[in-house]
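Working notes, beginning with the structure itself.
The values are calculated or read from the model by the stated rules, or taken from the named source; none is laboratory data. What you see is a predicted model, and the numbers here were worked out from it, not measured in a lab. Every residue, glycine among them, receives a Cβ derived from its backbone with ideal geometry; neighbour counts consider all protein chains shown.
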Amino acid sequence: MKISVNCIVRNEESFLWFAVNSVADWVDEILLWDTGSTDLTPKVIEALSKKYPSKIKPKLVGVVDKKEFTKMRQEMLDESKGDWILVLDGDEVWWNDSIEKVVEKINHGNIDAIISPYTNLVGDIFHYQEESAGRYSIDGSVGNITIRAFKRNISGLHVENPYGLEGYFDETGKPIQESARVKREFVNAPYLHLTHLKRSKRDEEVMGRKRKAKFELGISFPLDFYYPEVFFKPKPNIVKSPWSVYSNKYFLRSAMEYPFRKIKRAILHV
């Protein structure tokens, strides 16, 4: 089976290099489109294109609004040549073992979509968010789970809803995570989600939604925690080190805000 990566970015200079490199060796093409970045993201895309000239298909789309974003994601889906689509954001980094499991299931499983778990980082790369914060529900499971890989030939597969609410739907108008026509399977192939970390020196409002830091103390990874392999590989000088720790200012604000957030989560989960 051939796999196409669909990756749309804007101001993702901090982790885009790691995200793309974490899957590049296991896929056949990577559609990497930029929607008007004002940081070093275009240079990172250029560096990735030089490293993977036969796989990266870059495009500088320019700034789009919420509805144009959905049309662009549909256009990317239509241009993909793979039998399967792997959706990748610029803040998602996979372990080798995880992406290998996904590819193995794609090649040998009789399914249409793969449900994957992920771990949300908070503050810095050394801390993660408690699992109880995850509220996504698929096939009776609730938590930090999502569908990141699915067949291209799902009947009537298309994109609906504006940016922030967009998703993939079947011919009946059902999202693929709910459709009775889509055969899904959970695969224990986690990835790191860095959406709550600072992804650019130009973190800003994107299509009406302001990127907000998640002020949480988080849970410390154990000292022997095994990070995705890509973090230890060579990188261009334009890509900053991921190993910085959060500041004292962040710690103090998190210490004040987190107890209230934890109470709110407990109430929502009752």
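List of remarks:
- Hey, residue 92 closer than 29 Å to residue 231 by Cα and at pLDDT 95 or above or not: yes
- Any chance residue 5 is touching a residue at least 24 places away in the same chain (Cβ under 8 Å), more than 18 Å from residue 234 (Cβ to Cβ), surrounded by 21 or more Cβ atoms within 10 Å (Cβ to Cβ) and not basic (Lys, Arg): yes
- Hey, residue 109 of a type in the set (Gly, Ala, Ser), out of contact with any strand residue (DSSP E or B) (no Cβ under 7 Å at 6 or more places or on another chain) and touching a residue at least 12 places away in the same chain (Cβ under 8 Å) or not: no
- Selection within the range 139-161 - over 30 Å from residue 259 (Cβ atoms), of a type in the set (Val, Ile, Thr) and surrounded by fewer than 20 Cβ atoms within 10 Å (Cβ to Cβ): 159
- Residues that are part of a helix (DSSP H, G or I) and under 17 Å from residue 19 (Cα atoms) are absent from the range 77-94 altogether.
- Flag if residue 20 is under 25 Å from residue 147 (Cβ atoms) and of a type in the set (A, V, I, L, M, F, W, C): yes
- Just one residue in the set 225, 221, 215 is crowded, with 18+ Cβ neighbours inside 10 Å and either closer than 21 Å to residue 129 by Cα or modelled with pLDDT under 90 (or both); that residue is 215.
- If you go through the range 162-207 and keep only what is at pLDDT 90 or above and either outside any loop (DSSP other than H, G, I, E, B) or on the phi > 0 side of the Ramachandran plot (or both), you end up with 167, 168, 169, 173, 175, 184, 185, 186, 191, 192, 193.
- Checking residue 62 against (1) surrounded by fewer than 22 Cβ atoms within 10 Å (Cβ to Cβ); (2) not in a loop (DSSP other than H, G, I, E, B), the condition it does not meet: (2)
- Just so you know, in the range 114-131 the residues that are of a type in the set (Ser, Thr, Tyr) and surrounded by 20 or more Cβ atoms within 10 Å (Cβ to Cβ) include one that is nearest to the chain's Cα centre (by Cα), and it is 118.
- For residue 250, the conditions (1) modelled with pLDDT of 75 or more; (2) surrounded by fewer than 16 Cβ atoms within 10 Å (Cβ to Cβ) all hold with the exception of (2).
- Set 37, 49: member being touching a Ser or Thr at 6+ places or on another chain (Cβ under 9 Å) and either part of a strand (DSSP E or B) or more than 17 Å from residue 81 (Cβ to Cβ) (or both): 37
- Every condition in (1) surrounded by fewer than 23 Cβ atoms within 10 Å (Cβ to Cβ); (2) in contact (Cβ under 8 Å) with a residue 24 or more places away in the chain is met by residue 46 except one, and the failing one is (2).
- Scan of the range 65-113 for residues that are over 28 Å from residue 128 (Cβ atoms), of a type in the set (Gly, Ala, Ser) and crowded, with 19+ Cβ neighbours inside 10 Å, ordered by number: 80, 82
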